[in-house]
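One structure is given below, encoded as structure tokens.
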Amino acid sequence: MMTMECMSPTTCPRPADRPGDGASHRPRRRPVPRRRLRPRRAGAPRAGSLPPSDAEPSIPDSALGALSQQGYTIGEVMGRSTAPSAPRRGLDAQGRHVVIRVVDLPHGRAGAIVLRRLADLRVLRHPGLVTVREVVSLPEHRAGVIMDLVDGAGLDVVLGARGRLNVSSLATLLDVLGSALAYLHEHGATHGDVSSGNVLVTADGHPVLVDLLGSVMETGTQEYAAPERLAGAPPSAAGDVYALARLLTECSGQGGTASRRLAGILTDALAEEPADRPTARDLAARAPQLGQASPIELPDGARMAAGSLRAAARTPTRTVGSRLTPKARPSRRPRMRSEPRNNHGSAGRTGRGPAAIRWGRRGGSGRSRTRAWGLTAVALVAICLAAWGPAKALVSHRPAWALGAVAGPPASARPLTSSRAGAIPSGSPSPLVAGSSVATASTQAPGGSGGVDVASVVVGLSAARDRALMAGDAVALAATTVPGSPAARADTQVLTELSDSGEGVKELHTSVSQVAEVRLPDDAAEQWAGARAVQVTLSQSASTRSGPAGTRTVPALAPRQVVLIVVPEPWRVADIRAVK
């Protein structure tokens, strides 16, 4: 993979001074203006400590601090975007390379809905889609989206270097991206921004669709947008099909065999009416009509460099926004990529109040864990130290999967390379996680023990538990724990206390991150056959309690590490133990 960065004005070489007519002597040296030094604020980083890409656009300090507490190191901006939400390279707590995006959320209930939809992306696993590892709730109405880093070149760069793709590469593109979109649509999601800039081609020629936030954040690239999207309609499966057809048309170029074959295949996919377009699955099934699929060949370094410059010159800057209800956003105009969002959220209130609904048993306490990360100037730059503090008990309720009192010393953690759980927002069940936890846990993980993605298991169970607590559904809550287990008894006590108090829970948001499988304690292995131990970091955003006395706000909980003992067939939680 080859990446290019345009020279900033401060690094561009100046042309040599031209001598006057007939002059043969050396040109006079220009006086160098001296910059007036300003006193540096205490605690502020030195000018040379961060590369220019880390200084502009900037990430709010509150977001940086929250991501640091989750164990992330933030690096340089990727691509040509200048927006604060631009993707950045980074490292997670296990030292793996990831892509981090900090996005603004709407205020109120709309923000909770967007956060839930973002978190739903974590359960998606397809070879043609980038993996969303985690969604972290950040202060001031923001969220951090953590994705896998895909090593490859942008399809727009490949097109800039080659001009067009041959029929074999087009067949691969249609097959992989069509099936990826079909997978998205069949799981109740859409992409919303299918474009050449959102497709990466790996070193082995496999296309991967990235930036899955288009439909959630309601943005898109105008050049590929369907007619209804340009008219203000929200993202849809039919809109994704139209965008894919436009992308394939662009990749085929003007004239030639590929263009003629595509003309007959994509006619209905480019129909004006969404109802007249085929499904993504049907469109992907037409790939053999183009020819034998083969890997997309990447250009050599020189051609890739030229293609990068051409892609930068033609990158559209205008985005397409959805038409929402008039009460939400009246007379909204399409937002420019270079324009930052104007959301200035306020930090949540803190203080004493009703206890958060935590995972675990009464009387638990955590142990501080501090991790420091540093990177060289050539790679990523360390932003700050990631530290976890012990969980603080607020008041009475300490439900099932909180920090437990009984702790077995876990062995060294084995990171789950296939996926990573993230924050699980509250609210009504979404299409992606409304199914049973068993279905969620059936996701296959390459190289995982038993072929099961334990991270997805924990994600599904956590989502189901949050929904059950908010609905006050004892049956659904019991389905997340092993009958008669310590976790089941604790959850039953929580629901009983909530029922006795007459209060209901809303906007419950439990964040599960830094998932790593550890050695199963001997006593747990004897008690539960087939059990597995998973070390996770838990945190919880502020939630609300509504009852006869009114509505109260439950303060957020600081991140803390626990070990979950999960048992298969179906996957349920049996016990929660503190990390020693």
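See the values below:
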{"quantity": "Output for the range 207-236, where each listed residue is out of contact with any helix residue (DSSP H, G or I) (no Cβ under 9 Å at 6 or more places or on another chain) and at pLDDT 85 or above", "calculated": "231, 232"}
{"quantity": "Unmet requirement for residue 518, which otherwise passes all of (1) among the hydrophobic types (A, V, I, L, M, F, W, C); (2) modelled with pLDDT of 90 or more; (3) buried (at least 21 other Cβ atoms within 10 Å of the Cβ)", "calculated": "(3)"}
{"quantity": "Every pair of residues 6+ apart whose Cβ atoms lie under 8 Å, when the first sits in the range 129-145 and is on the phi > 0 side of the Ramachandran plot and assigned by TED's automatic domain parsing to the domain that holds residue 100 while the second is of a type outside the set (S, T, N, Q) and in a loop (DSSP other than H, G, I, E, B)", "calculated": "140/60; 140/344; 140/345; 140/347; 141/105; 141/106; 141/107; 141/345"}
{"quantity": "Members of the range 265-294 that are more than 19 Å from residue 224 (Cα to Cα) and either part of a helix (DSSP H, G or I) or touching a Gly at 6+ places or on another chain (Cβ under 9 Å) (or both)", "calculated": "281, 282, 285, 286, 287, 288, 289, 294"}
{"quantity": "Residues being in contact with a Ser or Thr (Cβ under 7 Å, 6 or more places away or on another chain) and either in a strand (DSSP E or B) or under 26 Å from residue 196 (Cβ atoms) (or both) - total across the range 123-137", "calculated": "7"}
{"quantity": "Of all residues in the range 164-192 being of a type in the set (Gly, Ala, Ser) and farther than 20 Å from residue 266 by Cα, the one that is surrounded by the fewest Cβ atoms within 10 Å (Cβ to Cβ)", "calculated": "188"}
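The values are calculated or read from the model by the stated rules, or taken from the named source; none is laboratory data. Since we're looking at a predicted model, the values are computed, not measured. Virtual Cβ from ideal backbone geometry, glycine too; neighbours counted across all protein chains shown.
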